[in-house]
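Visitor: Here you go, one structure.
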Amino acid sequence: MQTAATKPVFVGLENYWNLLFRDRTFRDVLGNTLIYVAATVVAEFLIGLGLALLLQRDFRGKRILVPLFYVPMMITPVAIGLNFRIIYNVEYGPLTYFLSFVGVPPVKWIASATYSLFSLILVDIWEWTPFMFLVLLAGLSTVSRECLEASLIDGASYWQRFRYVTLPFMRGSILVAVLIRMIDAFKAFDVIYTVTEGGPGTSSAVLSFYTYIVGFRRFSLGDAAAMSLVLFLIILIPSQLLFRTLRRRS
């Protein structure tokens, strides 16, 4: 026996109102997303910049060492997620084994609401710091040697040369690297799906993954569409600010 199809009902902005003001889970996931993006982008930028400054000079073995830093970026995210799921395992994972030598008790890295998001941040940093390193290393090649030599003759210290000569020349590279990584971090899905599946509960879920849960597991397409638009606006605003800054500098 066939049942009558449910007629679609126009609800206006009700989905957005429910998400922003009534859905506590959505607000928690939004908070996770902002923490995840901020922590990963800042850490990857600082580590990548440090490695780029350290390895910009020519030395024996550089042609072998530098390409090794690119390896994590070239591995399939799903493979990375599955490997880290094993590494984080509290019973037989190598991380628990090595930490036991320094007296650290077993930690439920991905089974605890306290550590699950932090564990995902570490995976993202390991995977995408090479990208930041690559872009910033290329940016260092644009720094004028004449300006550096002139500042050295004038008696500028290393930090003064870095602040007033190196950073201004690298500003375009820095903005591009941060923009690309920020957008990519907002879209994080593969590693989260394979390592924690957003759990326990939604303690490690970010907005892109939670949209998938709501839309394709709960089949609440209206809420999922609203979340997608909110995520789009969240990415759009800082991206436009960075684009304007980049145009102004260029």
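The values are calculated or read from the model by the stated rules, or taken from the named source; none is laboratory data. Every value quoted in this text rests on a predicted model; they were computed, and no experiment measured them. Cβ sites come from the backbone with ideal geometry, for glycine too, and all protein chains shown count toward neighbours.
Visitor: Given (1) surrounded by fewer than 17 Cβ atoms within 10 Å (Cβ to Cβ); (2) assigned to a helix (DSSP H, G or I), where does Arg161 come up short, assuming only one miss?
Guide: (1)
Visitor: Shifting gears a bit: For the range 199-250, which residues satisfy the criterion of being surrounded by 17 or more Cβ atoms within 10 Å (Cβ to Cβ), of a type in the set (S, T, N, Q) and under 16 Å from the mean Cα position of the chain (by Cα)?
Guide: Ser204, Ser208
Visitor: Anything in the range 136-187 that is more than 21 Å from Leu54 (Cα to Cα), touching a Ser or Thr at 6+ places or on another chain (Cβ under 8 Å) and among the hydrophobic types (A, V, I, L, M, F, W, C)? List them, or say none.
Guide: Across the range 136-187, the qualifying residues are Leu179, Met182, Ile183, Ala185, Phe186.
Visitor: When you scan the range 56-71, do you find a residue that is polar (S, T, N, Q) and surrounded by 11 or more Cβ atoms within 10 Å (Cβ to Cβ), even just one?
Guide: yes
Visitor: Right, another one. I'd like the residue in the range 1-36 that is farther than 13 Å from Tyr210 by Cα and aromatic (Phe, Trp, Tyr) and, out of all such residues, is modelled with the highest pLDDT.
Guide: Selected residue: Tyr36.
Visitor: Is it the case that the range 201-223 has a residue that's of a type in the set (Lys, Arg) and over 24 Å from Val9 (Cβ atoms)?
Guide: Scanning the range 201-223 turns up no residue that is of a type in the set (Lys, Arg) and over 24 Å from Val9 (Cβ atoms).
Visitor: Now for a different question. Any residue at all in the range 61-82 that's of a type in the set (Phe, Trp, Tyr), under 25 Å from Leu179 (Cβ atoms) and within 16 Å of the chain's Cα centre (by Cα)?
Guide: So far as the range 61-82 goes, no, none of its residues is of a type in the set (Phe, Trp, Tyr), under 25 Å from Leu179 (Cβ atoms) and within 16 Å of the chain's Cα centre (by Cα).
Visitor: Ok, one more. Within the range 92-113, track down each residue that is surrounded by fewer than 18 Cβ atoms within 10 Å (Cβ to Cβ), without any contact (Cβ under 8 Å) to a residue 12 or more places away in the chain and not small (Gly, Ala, Ser).
Guide: If the condition is that a residue be surrounded by fewer than 18 Cβ atoms within 10 Å (Cβ to Cβ), without any contact (Cβ under 8 Å) to a residue 12 or more places away in the chain and not small (Gly, Ala, Ser), then Tyr92, Pro94, Tyr97, Phe98, Leu99, Phe101, Val102, Val104, Pro105 are the ones that fit.
Visitor: Only one of these conditions is not met by Ala38: (1) of a type in the set (Gly, Ala, Ser); (2) surrounded by 11 or more Cβ atoms within 10 Å (Cβ to Cβ); (3) more than 26 Å from Ser203 (Cα to Cα). Which number is it?
Guide: Failing condition for Ala38: (3).
Visitor: Ok, one more. In the range 33-43, is there at least one residue being more than 10 Å from the chain's Cα centre (by Cα), assigned to a helix (DSSP H, G or I) and of a type in the set (Gly, Ala, Ser)?
Guide: Within the range 33-43, none of the residues are more than 10 Å from the chain's Cα centre (by Cα), assigned to a helix (DSSP H, G or I) and of a type in the set (Gly, Ala, Ser).
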